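> My questions all concern the structure below.
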């Protein structure tokens with residue numbers, strides 16, 4: 001027991017008060033670096049402090065289960081944890097050492113942080129020790145979630161919380177996926193392949209000058225697809241939802257993949273995450289991923305592969321597009337198809353899709369721009385492309401590019417180093433003949449089909465000559481019978 005003399009309002013001594021620190025359960029503050037003893041209702045003496053500290057020590061020696069989860073893609077969270085450890089403990093080498101990790105180092109996983117070869121960092125998966133923490137902690141990926149777990153003493157809890165808090169801050173500010181163009185890999189069921197992290201896409205070689213369409217198509221792409229990405233703040237200010245659905249439809253080679261790559265580049269330049277998905281079955285999981293890194297665009301190819309009939313799979317996709325996954329989120333869904341007629345009409349109604357953009361073979365003006373784009377500096381500055389443009393009208397951009405490549409041989413044959421319009425025209429004729437050979441031909445009618453056509457003619461406007469022809473045909477097919 002300790003005693004303290006209190007003074008009344010007039011400054012006169014009051015009756016001494018006995019203080020039982022055991023019953024008061026004093027709040028001794030200990031943050032791992034300093035101990036602060038209580039000073040009220042009176043300053044704690046050393047004996048009371050020793051007893052309180054012993055109680056605190058016993059409490060701090062108790063163990064508890066550590067279980068920290070991170071709301072991010074596993075490899076992203078793992079990289080953030082490594083960066084946090086480096087910042088707190090000066091750990092710079094990706095090679096585990098017994099002094100840092102203990103006698104049995106964990107598995108080191110190489111994680112790509114960009115598309116370049118040198119963009120890689122190693123992260124630990126398994127058990128290791130942290131400086132100042134007696135018991136080991138472990139990292140693992142469970143159900144597509146990165147977790148840090150273990151059984152540690154209460155006195156070390158602040159160290160783990162400090163590490164986890166810093167890792168979450170790094171995730172928010174330095175995520176390896178946010179604002180980057182990536183490709184998600186999914187299996188036949190549409191599930192993410194967690195053993196194969198997202199692939200980074202290199203789209204630095206494309207610009208808006210590469211996107212050449214007829215003016216109307218170009219305007220639709222700019223308005224419905226690129227403007228929300230470029231003018232995000234304006235859209236928010238005018239309360240235009242950034243959760244959008246866009247369908248690009250057109251036959252193979254009309255520019256859907258080019259539009260996809262340009263969209264990825266525009267996203268990268270404007271802080272949006274771009275997620276490319278080559279299996280539309282994985283759309284739900286891709287959208288779940290995109291929610292963590294919004295604003296984001298999810299680009300899914302060939303929707304017609306599962307939207308031909310209104311079955312359970314199609315209904316699930318419709319619900320996904322309607323926003324079950326991304327309701328209230330800034331996630332744009334862009335779908336493509338090579339044959340819009342294969343898509344069930346229910347998916348096409350306004351309100352479900354904000355825009356359907358038809359990519360068609362370019363007209364004459366766009367053809368000229370494509371020829372100049374693909375020919376580049378090889379084209380004579382004063383070359384007139386009127387005839388060349390007419391010769392490729394109706395071709396898809398991929399075929400026009402091939403025409404320009406073939407025209408280079410004509411240039412070389414003329415012993416010139418500049419392309420001429422005539423080179424393009426000759427190449428275009430060659431291309432048309434080539435493509436004509438690939439067109440399916442109607443099979444020759446069989447004898448029975450010819451007979452059926454003859455009978456049809458007799459029924460419509462029969463004549464003696466027609467009947468005679470049919471008889472001759474019957475004899476030819478079956479022999480001379482009566």
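The values are calculated or read from the model by the stated rules, or taken from the named source; none is laboratory data. In this text the structure is predicted, and so the values were computed from the model without any measurement. Note that each Cβ is placed from the backbone with ideal geometry, even for glycine, and that neighbours are counted across all protein chains shown.
> Consider residue 283 against the criteria (1) at pLDDT 95 or above; (2) assigned to a helix (DSSP H, G or I): it satisfies all of them except one. Which criterion is unmet?
(1)
> Kindly indicate the residue of the range 147-201 that is touching a helix residue (DSSP H, G or I) at 6+ places or on another chain (Cβ under 8 Å) and part of a strand (DSSP E or B) and also surrounded by the fewest Cβ atoms within 10 Å (Cβ to Cβ) among those meeting that condition.
Filtering the range 147-201 for residues that are touching a helix residue (DSSP H, G or I) at 6+ places or on another chain (Cβ under 8 Å) and part of a strand (DSSP E or B), the one surrounded by the fewest Cβ atoms within 10 Å (Cβ to Cβ) comes out as 153.
> Just one of 422, 384 is free of Cβ contacts under 8 Å to residues at least 60 places away in the same chain, surrounded by 14 or more Cβ atoms within 10 Å (Cβ to Cβ) and farther than 23 Å from residue 248 by Cα; which is it?
So the residue among 422, 384 that is free of Cβ contacts under 8 Å to residues at least 60 places away in the same chain, surrounded by 14 or more Cβ atoms within 10 Å (Cβ to Cβ) and farther than 23 Å from residue 248 by Cα is 422.
> What are the residues in the range 144-196 that are without any contact (Cβ under 8 Å) to a residue 40 or more places away in the chain, more than 17 Å from the chain's Cα centre (by Cα) and closer than 21 Å to residue 275 by Cα, if any?
172, 173
> If you don't mind, there's one more thing I want to ask. Consider the range 202-226. How many of its residues are assigned to a loop (DSSP other than H, G, I, E, B) and either in contact (Cβ under 8 Å) with a residue 12 or more places away in the chain or on the phi > 0 side of the Ramachandran plot (or both)?
The qualifying residues number 9.
> From 240, 229, which residue is over 14 Å from the mean Cα position of the chain (by Cα) and not in a helix (DSSP H, G or I)?
Criteria check complete, one pass: 240.
Yes/no per residue for (1) at pLDDT 90 or above; (2) more than 28 Å from residue 303 (Cα to Cα); (3) in the same structural domain as residue 248 (by TED's automatic domain parsing); (4) part of a helix (DSSP H, G or I):
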{"position": "346", "(1), (2), (3), (4)": "no, no, yes, yes"}
{"position": "366", "(1), (2), (3), (4)": "yes, no, no, yes"}
{"position": "383", "(1), (2), (3), (4)": "no, yes, no, no"}
{"position": "412", "(1), (2), (3), (4)": "yes, yes, no, yes"}
{"position": "427", "(1), (2), (3), (4)": "no, yes, no, yes"}
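> Yes or no: the range 245-254 includes at least one residue that is surrounded by fewer than 19 Cβ atoms within 10 Å (Cβ to Cβ) and outside any loop (DSSP other than H, G, I, E, B).
No - not one qualifying residue is present in the range 245-254.
> What single numbered condition from (1) surrounded by 14 or more Cβ atoms within 10 Å (Cβ to Cβ); (2) at pLDDT 95 or above fails to hold for residue 213?
Here residue 213 clears every test but (2).
> One residue is enough: does the range 72-89 have a residue meeting the conditions in a loop (DSSP other than H, G, I, E, B) and either at pLDDT below 90 or over 21 Å from residue 114 (Cβ atoms) (or both)?
no
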